[in-house]
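Contents: one structure, followed by commentary.
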Amino acid sequence: MSAASISLVNFGIHSFALALLGWVIVRIVIRDALRRSHAAFLAVLFSLIGAFDIGFWPFPYAAEKAPVWTAVHQTLESNWRVVVTPSVSESPMSPIAVQAPPAWKMDDVIKAARWLYWVIAGVLLLRLLIQSCRMQWWAWRLRYLKQHEIEALPEVAPLGRLRVVESDATPCVAGWFPPVIALPASAFGSLSPQEWRWILRHEAEHLRRADTVAALIQGIIRALLWWNPFVHALIECHARATEEVCDAAALNDVQESEAYSDFLLGWAAKPSFQPACVMPIASSVPARRLKARLIALMEARGVRKRIGAFFVLACLIGVLALPMLVASLGITTAAAQEPVPAKEKADNGELITRIFRVPPEIATQARLAKEWLQQRGVAFPEGALAVANRATSQLIVKNTQTQLDKVAAVVAEASTILPQVYVSGRIIVANQFYGEHGGTLSSQQLRDVLHLVSSTKGLDLMSTPAVTMKLGTQAVMEMLYEGPPGESRKFAGTSIELEVQPKANGRVEATIKPSFGTRHGEIMLNLEDGKNVDWHSVTILGSEARAQVESGETLVAHLPVGKRCVTTLITLRALRPDGQFATGGFGEKINLMAKAQPAPDKSSANNFDAKAKEADKANAAMDANMEAKRVYLSVKVLDAKQPEDVGASFDLLMAGALGTPASGAAPPAPPMGVVKRPDLYTVQGVFTDPQFQVVIRALSQKEGMTMSTLKSASVKSGEFQDFTIPEAHDGGRVIVAPQIGADGSTLELTIRILSASATTASHALRTSITVWDGQTVVVGGLVKEDGTVNHSRLFFITAQIIDPSGKTQDKPASK
């Protein structure tokens, strides 16, 4: 049998087994009606979804961590083959009997059964659709209650859901958009208050449980699994249990079972409207359902009000355990366990044209597509060619089938990347060192250190500019005032060299080299000191630390400067292209495309030249468009006045927005540490657009906040824009120079922030940072300390790539 036939047969086996197990549990194990109704519905649902999940998706989802599960699931792999080898006598004297080919094949039978299955399922689904539409139309046409009818009701009833049937019918719940209670007009004036209470409570319980919606879902599953008798039995179990639950709600613990039973028998003898999604209070069809209800009433069976936490836990365990048990059932052969590799067909040398979709970054790298593929092991015989269409992110290749298969493998590998590295740092100048030189701190340990530092007087805490870098590259984070050209590499401030190399098991080897400008190696120099420093007295001191770290860990480096201890803390986190932190750490493989597979285009099989001309034309237009692209810059300034004792909460708010991605899977980042001295702005981090919106809303609602939006502007790549800071924020300038990356999706921002005074370096910043299109860089710091009040200032700088018409481009794809 083919893999498709095996998958279909196994789907039927798994569906049958799941329904059988569910029916046994509902009929034998569970006695309470409320629990039976929930368990039966769950079993019906899982007979379809569970069987489909087992049969057509990889299970379990982490097979490399639990190889024994892979053996359990071995019959379900779609790429298995079943090879039948006839036995042949080894004796040279015995003739080989030639058997006639069979009149039919198993695959043909299964194919015919598949057609039969879908024909019957299609007819049943169409029938259900027609019945449902008729019933909904009938429910919509029912009239509302008149005033005398409302007054006839004995108690408060859901009047908004009550409707009246003019013809003789049975009280019922009908429809799902929304469901309503249909009452026969003949019932008004003929029922006692007690009987009205029974009807209204019974049908209101159907409304509360949304039983008509459950009936519709079960009708769809019944149509798809029409061949499974245990699915039909489970649906009947659910219907019986549901009516018992509603009967219990009608009686409301009052001992009226005998009278209520007679009441139900009276309605069961009357005609009722019973298409799909209608719940009559009593019906004689099927008779066994009514009989089961009456027996339950006579035996006065109790019904739970709540299903209970233990029952929910048991259901969850069953949902996880039963598929694992059922997955061991199915059709398998020894040949399927170790597939026999098919012999590769000899390449006849025919040149075929195929089009491969690739991420925009790959299309940009492969400007010379033929050379790019040759470097990766693809051979090009005479007449074979390749071209990249960067506008449509395609590789158009004319080559032999064997080489095209290699191209597919190259494209798949190139479309999978590792995360980038988001680096942030803190520098502590104190009378002691924190952590161990060359050691690492976990996120919680870093929080503990920062909490201790924030509550200790007599020390300085600084934040370094945050940078985003690729694995295997180097970066430099600087906050310095450079000396005159005649002085060889002297500066006041800080320079930190960083190198990150990928390692196994989701770790990286990080090397940091912090360097500090000092006066004679005894006193650290800050940016303001650089204005008047004697450069002959400047000595550069540095240290080096190296360790393997995981995402979220912090590397520690120590350096004594005179009597002071300088601790450098560098935190590294794995960052995805969409700006979210990678939950799988630095080893997470990110597929830039949902499916990086060749997409054959039959119309272009012998038309490579035409496709190549189209690509050249599109690339030329794209290059011209790239030249015409601009960067839209917007800047917001926020001043915050807060008591000194709540400053930490301000830091935590910023850190929570920076560290918590939309998926909620990555742990929050530690506090970014707004600089604790009023002399320097630093880069606090990078926001995605959703994070930025959350932070802006949160900050705008806090007391003591003053926000201004500067006039936006668009500039060409490589040019700068000078923004004027309003006098309400002490004046000054923000200078931003964006550079669009070669991939068309990243931006390198050079940012300068200058205070209004030209005679001091206070609150000066110059840094470069790489961000994705549409992200926001956050720059901030402590402006001044006024007694017990901290005055902080934040700049939110957003950069977006736009085309000449002003439209933004699509963001880079991610896994």
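Can you find a residue that is touching a strand residue (DSSP E or B) at 6+ places or on another chain (Cβ under 9 Å) and at pLDDT 90 or above anywhere in segment 215-227? Yes, segment 215-227 contains a residue that is touching a strand residue (DSSP E or B) at 6+ places or on another chain (Cβ under 9 Å) and at pLDDT 90 or above. Residues that are among the aliphatic types (A, V, I, L, M) and open to solvent by 20 Å² or more (accessible area, probe 1.4 Å) were ranked within segment 701-712; the one that is farthest from Pro804 (Cα to Cα) is Met705. Answer with yes or no whether Arg426 is farther than 20 Å from Gln365 by Cβ and of a type outside the set (Asp, Glu). Against the criterion (farther than 20 Å from Gln365 by Cβ and of a type outside the set (Asp, Glu)), Arg426 qualifies.
Being surrounded by fewer than 14 Cβ atoms within 10 Å (Cβ to Cβ), over 44 Å from the mean Cα position of the chain (by Cα) and at pLDDT 80 or above is not true of Glu487.
Here's the yes/no breakdown for (1) assigned to a strand (DSSP E or B); (2) at pLDDT 80 or above; (3) within 22 Å of Thr583 (Cα to Cα):
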{"position": "Lys636", "(1), (2), (3)": "yes, yes, no"}
{"position": "Gly656", "(1), (2), (3)": "no, no, yes"}
{"position": "Pro690", "(1), (2), (3)": "no, yes, yes"}
{"position": "Gly718", "(1), (2), (3)": "no, yes, no"}
{"position": "Phe723", "(1), (2), (3)": "yes, yes, no"}
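When the residues of segment 390-420 are narrowed to those that are of a type in the set (A, V, I, L, M, F, W, C) and in a helix (DSSP H, G or I), which ends up most open to solvent (accessible area, probe 1.4 Å)? Taking the candidates together, the pick is Ala409.
Which of the residues spanning segment 531-560 are more than 27 Å from Ser442 (Cα to Cα) and within 48 Å of the chain's Cα centre (by Cα)?
Across segment 531-560, the qualifying residues are Ile540, Leu541.
Taken together, the criteria place Ser284 among residues that are touching a helix residue (DSSP H, G or I) at 6+ places or on another chain (Cβ under 8 Å), farther than 16 Å from Leu42 by Cβ and assigned to a loop (DSSP other than H, G, I, E, B).
Residue-wise test of (1) in contact with a helix residue (DSSP H, G or I) (Cβ under 6 Å, 6 or more places away or on another chain); (2) exposed (fewer than 14 other Cβ atoms within 10 Å of the Cβ).
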| residue | (1), (2) |
| --- | --- |
| Gln691 | yes, no |
| Gly718 | no, yes |
| Phe723 | no, no |
| Ala728 | no, yes |
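Among all residue pairs at least 6 apart or on different chains, which show Cβ distances below 6 Å where the first residue, located in segment 13-24, is under 13 Å from Ala327 (Cα atoms) and the second is buried (at least 24 other Cβ atoms within 10 Å of the Cβ) and polar (S, T, N, Q)? Every condition considered, the pairs that remain are Ser15/Ser47; Leu18/Ser47. Please specify each residue of segment 354-384 satisfying the condition of being among the β-branched types (Val, Ile, Thr) and modelled with pLDDT of 85 or more. Result: Ile355, Val378. Suppose the filter is β-branched (Val, Ile, Thr), open to solvent by 10 Å² or more (accessible area, probe 1.4 Å) and within 20 Å of Cys565 (Cα to Cα); does Thr539 pass it? Yes; evaluated as a whole, the condition is true for this residue. When segment 518-542 is filtered for residues that are touching a Lys or Arg at 6+ places or on another chain (Cβ under 7 Å) and small (Gly, Ala, Ser), the ones remaining, listed by number, are Ser537, Gly542.
Please note which strands (runs of 3 or more DSSP E) are completely contained in segment 144-242 and include at least 3 residues that are surrounded by 20 or more Cβ atoms within 10 Å (Cβ to Cβ).
172-174, 180-184
Hey, any hits in segment 658-674 for a residue that's under 30 Å from Thr494 (Cα atoms), assigned to a helix (DSSP H, G or I) and at pLDDT below 80?
The answer is yes; a qualifying residue exists.
Residue pairs whose Cβ atoms lie under 8 Å apart, separated by 6 or more positions or on different chains, with the first residue in segment 140-163 and of a type in the set (Val, Ile, Thr) and the second loosely packed, with under 12 Cβ neighbours inside 10 Å, are Ile150/Leu159.
Selection of strands (runs of 3 or more DSSP E) fully inside segment 461-540 by the criterion of at least 1 residues being free of Cβ contacts under 8 Å to residues at least 60 places away in the same chain and farther than 22 Å from Ile751 by Cα returns 491-502, 508-519.
For segment 695-733, filtered to residues that are hydrophobic (A, V, I, L, M, F, W, C) and more than 36 Å from the chain's Cα centre (by Cα), the residue that is nearest to Met622 (Cα to Cα) is Phe720. Might you check whether a residue that is touching a residue at least 40 places away in the same chain (Cβ under 8 Å), within 27 Å of the chain's Cα centre (by Cα) and either in a helix (DSSP H, G or I) or on the phi > 0 side of the Ramachandran plot (or both) occurs anywhere in segment 424-440? Taking every residue of segment 424-440 in turn, none turns out to be touching a residue at least 40 places away in the same chain (Cβ under 8 Å), within 27 Å of the chain's Cα centre (by Cα) and either in a helix (DSSP H, G or I) or on the phi > 0 side of the Ramachandran plot (or both).
The values are calculated or read from the model by the stated rules, or taken from the named source; none is laboratory data. On a predicted model such as this, the values are computed, not experimentally measured, just so you know. No Cβ is skipped: glycine too gets one built from the backbone with ideal geometry, and neighbour counts run over all protein chains shown. Quick note on the areas: whole protein, heavy atoms, side chains included, nothing else; ligands and nucleic acids left out. Shrake-Rupley method; radii C 1.70, N 1.55, O 1.52, S 1.80 Å.
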